[in-house]
1. Working only within region 154-197, note down all residues that are in contact (Cβ under 8 Å) with a residue 40 or more places away in the chain, farther than 26 Å from Arg55 by Cβ and charged (D, E, K, R).
2. Which of the numbered conditions does Leu445 fail, given that it passes all the others? Conditions: (1) hydrophobic (A, V, I, L, M, F, W, C); (2) assigned by TED's automatic domain parsing to the domain that holds Glu275; (3) surrounded by fewer than 17 Cβ atoms within 10 Å (Cβ to Cβ).
3. Going through Tyr456, Tyr476 one at a time, which residue ends up being in contact (Cβ under 8 Å) with a residue 12 or more places away in the chain and either buried (at least 22 other Cβ atoms within 10 Å of the Cβ) or touching a helix residue (DSSP H, G or I) at 6+ places or on another chain (Cβ under 9 Å) (or both)?
4. Could you check region 271-294 and list, in sequence order, the residues that are in a loop (DSSP other than H, G, I, E, B) and either modelled with pLDDT of 85 or more or over 17 Å from Asn187 (Cβ atoms) (or both)?
5. Quickly run through region 349-366 and pick out the residues that are closer than 14 Å to Tyr476 by Cβ and in contact with a Leu (Cβ under 9 Å, 6 or more places away or on another chain).
6. If you scan region 85-95, which residues turn out to be in contact with a Leu (Cβ under 9 Å, 6 or more places away or on another chain) and modelled with pLDDT of 95 or more?
7. Among the residues that make up region 205-227, is at least one of them under 18 Å from Ala430 (Cβ atoms), part of a strand (DSSP E or B) and in contact (Cβ under 8 Å) with a residue 60 or more places away in the chain?
8. Given region 62-181, what helices (runs of 4 or more DSSP H) lie entirely inside it while holding 3 or more residues that are among the aliphatic types (A, V, I, L, M)?
Amino acid sequence: MKKYLSIDQGTSSSRAIIFDANLNLINDSQQEYDLAYPNDGWVELNPNDVLETVRDTVVNVLSEGQAIEACGITNQRETTVVWSKETGDPIYPAIVWQDRRTNEFCNELKSKGFEKKVKEKTGLVLDPYFSATKIKWILDNVDGAKDMAKKGDLLFGTIDTYLIYKLTDEKNHLTDVTNASRTLLFNIKTMQWDDELLELFDIPKSILPEVLGCDGDFGTLSLGTTNIPIRGVIGDQQAALVGQGCFKNGDMKSTYGTGCFLMVNTENKPYEIDEGLLTTVAYKLGDKVHYAIEGSIYSCGNIIQWLRDKMEFFANSKDSEKFLNPNGNTNNVLFLPAFNGLGAPFWNSEVRGGFYGITQDSSINDMVTAAFQSITFQTKEITTILENYDIEINKLLVDGGMVNNNRFCQVLSDTLGKDIIQPSNVESTAIGACKVAMIASGVDLTNITDHSPSIYKPNLDLVKVYEDNHAKWKGYLLNSLKN
C-alpha cells in the first residue's frame, strides 16, 4: 500500500506523520520549540528552529528504504519570514501571526479610509494578524532591508514558502492560494497579487513567491538520500476543513489549537460579512476555487497552557478536565481571553485578559471553568453571526488538541445547543495536508471516511445556565472594550 508524508508545522511545534492510502497513521514524530515575546504584544520565533524541528521529525518517521508517494505540507498561516536571496538566511526573526506590533499602522490606514477597499479585494480586515504589515515592519526597521528589497535581494514567505525554499532541491520560491490569501496582498477575486495593495503597503512585488493551487507541483523534498515530491500545500485551518471532509456548501469545522478557527465552506461564493468575520480561499484543487467564511479567535489552547505553566493549576493539560465543572457553575467568576487582544468578531488589539468576580470563595475549579467557557462563548459569538446570514448550523465538526478533552466538547455542545462531532483522529490538519497530496497524486478519496466519531449532544437542562453565563460574560467583555 502506498504511503504519504504529512508535515504539520504549527505555532509551537512541528510534526511529521506517515499515513497509508486509507489515512491510517503509520508513524509520527513531534518536536516543540520556543516562542519569544520581546515586547508587549510582540511574538517571534527563530526560523531555524522551525527548519530543524521539521527536518528532525521527518527523519524520525522515515525508515530505511521506505518508499513515499508524495508529501503534503500544512502550516501556521500569516507568520512572516523575510530572508536574503544570496545567503538564504532570515534578516529578522519570524513575526508570528499573534503579533500585534503593527496595530498603530493598521489604525492609521483605517483612519484614511482604506479598510473597505482592502476588504473588497482580500476578504480580510486591516489587522496586525495578517502578513503585509509584518513585512512592512521588517523592511522599515531592519537596517538596509528596504533597499535590498527594492534591488530584488530579499524574499518573503509564510512558513510553507520558507520550508519549500530551504528543503527542496530546486530552491523553489512558491506558496499556495490559501496562504497567499492571508497576506492582505492577494486579490481573492482575480486570484493574483494585487499591485494596488502592494503600493499601499510599500512592498515590492519581487519579494513575493509564485502562487500555485493547493495540489500544485512544489518541488522535491530532499533530506540526505531521500527525495519526495511535494504535491500539496495548504494553510492549517483550510487543511482542517479538508481533513474533516468539508467539501460542500455549509460544511463547517472548528479547530481548537493555540488559537481557535471556525471555518465554513461556501463553495464558489465569496460572502461579504460586515460583523468581523473573514472571507478567505478555502482551497483550489484542479481548476476549482472554493471560498470560506472564517472566525479567528486568538487565544484558546494557549489559555490552558498558561493555566498549567504560569498559574500551575495542574501538571499537564489533560488534568484540566478534572477542574472543569460539568454543570457550568463558575461561582460568578468570568474570564476575558485577551492575552494579545481579541480576534473575530471584535478585532481589538488593545484589550488585555483578566479574571473578574473572584472572591475568597473562588476556587481553581471556578477559574478553570470560566477560562474554558470563555472559549466556547467566543465560538458562540461567531456561530450567531453566521446564523444571521442564514448559514444553518445543525452540527459542528471539531478538531485540534483541545478536543481530546471530552468534558470541553460537552461544554461546547451545551453552550451552542448543537451536536459536536469529534473525529476518531483529531489531527485534521495533518490529514488535510495528506489528502491534498493524495488528490494531486490521482487518488479518489470518496470511500475514505471516519466511521467512529464521537457525538456530543446538548444537555437541555443546562440551556438556561449557559445562556445566563454567556450574557454575564458578554457584558464583562463589552465593558472591557469601552475601557
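The values are calculated or read from the model by the stated rules, or taken from the named source; none is laboratory data. Remember, predicted model here, so these are calculated numbers, not experimental data. Here the Cβ positions follow ideal geometry from the backbone for every residue, glycine too, while neighbour counts run over all protein chains shown.
1. The answer is Lys189, Asp194, Glu196.
2. (2)
3. On inspection, the qualifying residue turns out to be Tyr456.
4. Once the filter is applied, which keeps residues that are in a loop (DSSP other than H, G, I, E, B) and either modelled with pLDDT of 85 or more or over 17 Å from Asn187 (Cβ atoms) (or both), region 271-294 yields Ile273, Asp274, Glu275, Gly276, Leu277, Gly286, Asp287.
5. We begin by selecting, within region 349-366, every residue closer than 14 Å to Tyr476 by Cβ; these are 351-358.
Scanning region 349-366 gives Val351, Arg352, Gly353, Gly354, Phe355, Tyr356, Gly357.
6. The answer is Ile91, Pro93, Ala94, Ile95.
7. Scanning region 205-227 turns up at least one residue that is under 18 Å from Ala430 (Cβ atoms), part of a strand (DSSP E or B) and in contact (Cβ under 8 Å) with a residue 60 or more places away in the chain.
8. Of the helices (runs of 4 or more DSSP H) lying wholly inside region 62-181, those with at least 3 residues that are among the aliphatic types (A, V, I, L, M) span 131-141, 145-150, 159-167.
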